[in-house]
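> Sharing a structure here in structure tokens format.
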Amino acid sequence: QVQLVESGGGLVQAGDSLRLSCAASGRTRSMGWFRQAPGKEREFVAAISWNGGSTDYADSVKGRFTVSRDNAKNTLYLQMNSLKPEDTAVYYCAASSSYYTVHRQASYDYWGQGTQVTVSS
């Protein structure tokens, strides 16, 4: 059983940056970030392989967001730059039993409680 705790969300203006963190209670394999905007389904944002050697992004965040991890600290990060109002959502981190990047939510076994990101125009 792995517990995940996100932090770093907040209220920012369009064009600003935020860095989200996700602290895991133990070692993890591949991990991902997802988000859910009001009235919408939860969607894939980014994923990273177990050793950080491979990353993948949703088209909507490519070039603006960067996923990384520090396995010594059991921590996952999401650096978000050039934020847009459409990035407003609750952001969730998740851990998968796979070693490689995965998009499918069903492939993730553990989820955090989420952190709110609000981007004003």
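The values are calculated or read from the model by the stated rules, or taken from the named source; none is laboratory data. In this text the structure is predicted, and so the values were computed from the model without any measurement. Note that we place each Cβ from the backbone using ideal geometry, even for glycine, and neighbour counts take in every protein chain shown. To get the accessible areas, we keep the full protein, side chains included, count just its heavy atoms, and leave off ligands, DNA and RNA. Shrake-Rupley method; radii C 1.70, N 1.55, O 1.52, S 1.80 Å.
> Positive end of the dipole of the chain, charges at C-beta (+1 Lys, Arg; -1 Asp, Glu), about the Cα centre: which of Gln36, Ala46, Asn71 has its Cα farthest in that direction?
Toward the positive end, the furthest listed residue is Asn71.
> Assigning unit charges at the beta carbon (Lys, Arg +1; Asp, Glu -1) and nothing else, what dipole magnitude in debye, to the nearest 20, does segment 67-121 show about its Cα centre? Write out the running numbers ahead of the final one.
On the way: 4 positive and 4 negative charges, 17 e Å.
Approximately 80 debye in magnitude.
> What accessible area per residue comes out for the chain, rounded to a whole number of Å², with a 1.4 Å probe? All intermediate terms of the calculation are to be shown ahead of the outcome.
On the way: 6250 Å² over 121 residues.
The answer is 52 Å² per residue.
> Can you work out the Karplus-derived ³J(HN,Hα) for every residue in segment 25-40? Use 6.51 cos²θ - 1.76 cosθ + 1.60 with θ = phi - 60°, whole Hz, and x for glycine or proline.
7, x, 5, 10, 9, 5, 9, x, 10, 10, 9, 9, 8, x, x, 10
> I've got another one for you. Leaving out ligands, DNA and RNA, what percent of the accessible area of the chain is carbon and sulfur, probe 1.4 Å? It would help to have the intermediate numbers written out before the result.
On the way: 2760 of 6250 Å².
Carbon and sulfur together cover 44 percent of it.
> Could you check how many percent of all C-alpha pairs in segment 27-121 are farther apart than 21 Å?
Values: 1146 of 4465 pairs.
When every Cα pair of segment 27-121 is considered, 26 percent fall beyond 21 Å.
> Roughly what would the spin-label model give for Asp70 and Asp109, points 7 Å off Cα along C-beta, in nm?
Here the modelled spin labels are 2.6 nm apart.
> Still on this structure, please answer the following. Going 7 Å from the Cα of Ser7 along its beta-carbon direction, which residues of segment 88-121 have the amide nitrogen within less than 16 Å of the resulting point?
93, 112-116
> Work out the length of the dipole vector of the chain about its Cα centre, built from +1 on the beta-carbon of each Lys and Arg and -1 on the beta-carbon of each Asp and Glu, and round it to the nearest 20 debye. Walk me through the numbers before you get to the answer.
Values: 12 positive and 10 negative charges, 42 e Å.
Around 200 debye, computed over the chain.
> For Lys62, give me every one of the lysines with a C-alpha distance below 22 angstrom, ignoring sequence neighbours fewer than eight places off in its own chain.
Filter leaves Lys40, Lys84.
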